[in-house]
Amino acid sequence: MLFATGLLAQACGGSTSTNVTGPAGVRCQAAVTNTTSSFTAGGGTGTVAVTVSRECSWNAVSQSPWLVVTAGQEGQGNGTVSYRVEENADPVARQAALVVSDRQVGISQTGAPCRFDVAPASGDVVGAQGGELRVDLRTHAACDWSASSEVVWAQVSPGAGRGDGAVRVDVQANTGSARTLSLLVANQRLTFTQSAV
């Protein structure tokens, strides 16, 4: 009887524990797909498809003022972000990023063509005795240009440059009839007349 009581006490005095592990939390790792990643200087529009578990919320933020989110600034589960790329007036390519959740979507845009203001454009008369003619250029600091003479009796200096500049044209004396001086400056053909003797 005493032995039985001891067994009962041992059985009643024992303890057990059970660890219950819940399901792992959903990892909100979004997958993003961009319709296009490169734009011309004129700009344009695009969309980014967001694929993620329906329990997950996300937002979309632009890191540059010329890349504008027009729709889908935030959402939950699968969705679409719409954006607009503004026109690039500078002749310099640029890059920006659209951040969707923890994903970066790269956007690149080409620069605008270089524009050159050249003066005088044409028409000045050079005296028969020759001399120096000056051509001024105004353009963006990133724009390269070249200058050359299309006649052997006039030399230009410098032959190339970047940004604003001035081209000096040394014109030899004319020993005959009036003649035409032709220059090519920043891909623009300039013509001038040199007087006869």
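Derivation of every value follows stated rules applied to the coordinates shown; laboratory data play no part. Here the structure is a predicted model, which is why all the values come from computation and not from measurement. Please note: Cβ atoms are built from the backbone with ideal geometry, for glycine as well, and neighbour counts cover all protein chains shown.
Here are the numbers for this structure:
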{"item": "Cβ-based net charge around residue 70, under 14 Å, with every Lys or Arg adding one and every Asp or Glu removing one", "result": "-1"}
{"item": "Mean residue ellipticity (222 nm) of the chain, computed from DSSP H runs ≥ 4 via -39,500 (n - 2.57), nearest 500", "result": "-2000 deg cm²/dmol"}
{"item": "Among (i) 47, 19, 13; (ii) 81, 17, 9; (iii) 42, 24, 15, the entry that matches semi-axes √(5λ) of the Cα gyration tensor in Å as calculated here", "result": "(ii)"}
{"item": "Rel. contact order, % - alpha carbon contacts under 8 angstrom, at least six apart, the chain", "result": "15 percent"}
{"item": "The chain, dipole about Cα centre (Lys/Arg Cβ +1, Asp/Glu Cβ -1), debye to the nearest 20", "result": "340 debye"}
{"item": "Summed side-chain charge close to residue 153 - residues other than residue 153 whose Cβ falls under 11 Å, Lys, Arg +1, Asp, Glu -1", "result": "-1"}
{"item": "In degrees, nearest ten, helix 2-13 long axis to first principal axis of the chain (Cα)", "result": "20 degrees"}
{"item": "Summed side-chain charge close to residue 43 - residues other than residue 43 whose Cβ falls under 14 Å, Lys, Arg +1, Asp, Glu -1", "result": "-1"}
